[in-house]
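A short write-up of the structure that comes next.
Here, each number is a calculation from the coordinates, and none is a lab measurement. Because the structure is predicted, anything quoted here is derived from the model rather than measured. Glycine also receives a Cβ, built like all others from the backbone with ideal geometry; neighbour counts cover every protein chain displayed.
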Amino acid sequence: MARDGKPRHATRIAEQSIREWQGHNNEYYARFVLAVILQHRGDLNNAFLQFQIVADRYDRLRDQATQRQVAICRLLMSPERENGRDPGRRSRRRIVRMLESILMNDPLGVAAAAVHYHLGLFYEQAGRDELALYYYEAAANRAQVAEWYDRAFFSTGRVLYHQSRSRPRDIAVAMESLHVLTHYLADPDTSIYHDVAEDMKEGMRDHVHQSAFERAIFYDRNMFPPLTRRTALESFLREYPQAPQAAEAARRLEDVKRRFADELNET
């Protein structure tokens, strides 16, 4: 009836069935049908509550009800950018309460990875990176469906990428982001965000090279002892031989060796 354009009539029948079958298993089938009708009508909050009752009290329909709840949360959440470059604007607080209620009801169920992923997305949108990373890791560990493993894996790299962009002097975060993005791109089970991950990886690699180079030449610019200057430049060339700055570092190293040959015991 709901599909045939009579959603109100269908709703009344479902509600009557719930009253008639109160206390019996059929009550939960009726509630599930009512929730589907409400979802079809766009009454997502009430649909979610009905699915919650079903998931809480009737094991046979728990998986179906939980998956429907996740679908509702996804509709109500602020979407991430289509290409995955950033998590999108902040979602409303009620979303996290809805997701937490699903997780508490069935922490190891078929939808657990999706719930963990969306909790991670909520907290990333809210700027709470530690919680976002915690839930993304949990999603990847629990994923039974490749999509949630893929999305959670990439999103971990995205959080670190944006952290590095906001803290440009923290080379450790940039290196961690580069490490995660490199492994994401090398994993045969990941492909959803391949293009943007490749772009982010290149950006992080450039950032790491530039930061490491600036750290190396800091000692030369500030007239540290020759041995310190030589060691810093040699370390950079050893760790980043393919960096665009390698030629300049090599030139500076040769200059240090030439000017301080006696002190460095160079001939």
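Largest mean-square fluctuation among HIS40, HIS24, HIS162, in a Gaussian network model of the chain whose springs join Cα atoms under 10 Å apart, belongs to HIS24. With a cut-off of 19 Å on the backbone N, the residues of the range 32-47 near the modelled label site 7 Å out from GLN16 along Cα-Cβ are 32-38. Counted residue by residue at 0.36 nm each, then reduced by the alpha carbon distance between them, the extension gain from ARG94 to LEU108 reaches 2.8 nm.
On a 0 to 90 degree scale, rounded to 10, what angle separates helix 62-76 from the longest Cα axis of the chain? Computed tilt is about 60 degrees. Extending 7 Å from the Cα toward the beta-carbon at both GLU130 and ALA246 defines two label points whose distance is 3.9 nm.
Rounded to the nearest 500, the 222 nm mean residue ellipticity of the chain from helices alone is -24000 deg cm²/dmol, with -39,500 (n - 2.57) taken per DSSP H run of at least 4 residues. Only Cα sites of the chain enter the Debye sum here, all with the same form factor; the resulting log10 I(q)/I(0) across q = 0.08, 0.09, 0.16 1/Å is -0.50, -0.58, -1.10, listed in q order. Footprinting exposure proxy ranking of SER17, SER155, fewest other C-beta atoms within 10 angstrom first, gives SER17, SER155. The modelled label-to-label distance between GLU202 and SER166, using points 7 Å beyond Cα along the C-beta direction, is 2.6 nm.
Each of THR66, THR228 has some number of other Cβ atoms within 10 Å of its Cβ, and from fewest to most they run THR228, THR66.
Using C-alpha pairs below 8 Å separated by at least 6 residues, the relative contact order for the chain is 9 percent. Taking the chain as a Gaussian network of alpha-carbon nodes connected by springs under 10 Å, the highest mean-square fluctuation of the residues GLY23, GLY203, GLY127 belongs to GLY23. The modelled label-to-label distance between PHE224 and GLU147, using points 7 Å beyond Cα along the C-beta direction, is 5.1 nm.
Tell me which of HIS40, MET175, SER211 sits at the most positive position along the dipole axis of the chain, charges placed on C-beta atoms (Lys, Arg +1; Asp, Glu -1). Ranked along the dipole, the leading option is HIS40. Rounded to the nearest 10 degrees, what's the angle between the helix 129-142 long axis and the longest principal axis of the chain, both from Cα atoms, 0 to 90? Its long axis makes an angle of about 70 degrees.
Among ASN141, HIS24, ALA10, which residue has its Cα positioned farthest towards the positive end of the charge dipole of the chain, with +1 placed on the Cβ of Lys and Arg, -1 on the Cβ of Asp and Glu, and the dipole taken about the Cα centre? The residue sitting farthest along the positive end of the dipole is ALA10.
Measuring spread by the Cα atoms of the range 223-267 yields a radius of gyration and Dmax of 10.5, 30 Å.
Set against the 2.2 N^0.38 Å expectation for a compact globular protein, the range 1-76 has a Cα radius of gyration ratio of 1.03.
Length gained on full extension, GLU254 to ARG238: 4.3 nm, using 0.36 nm per residue less the C-alpha separation.
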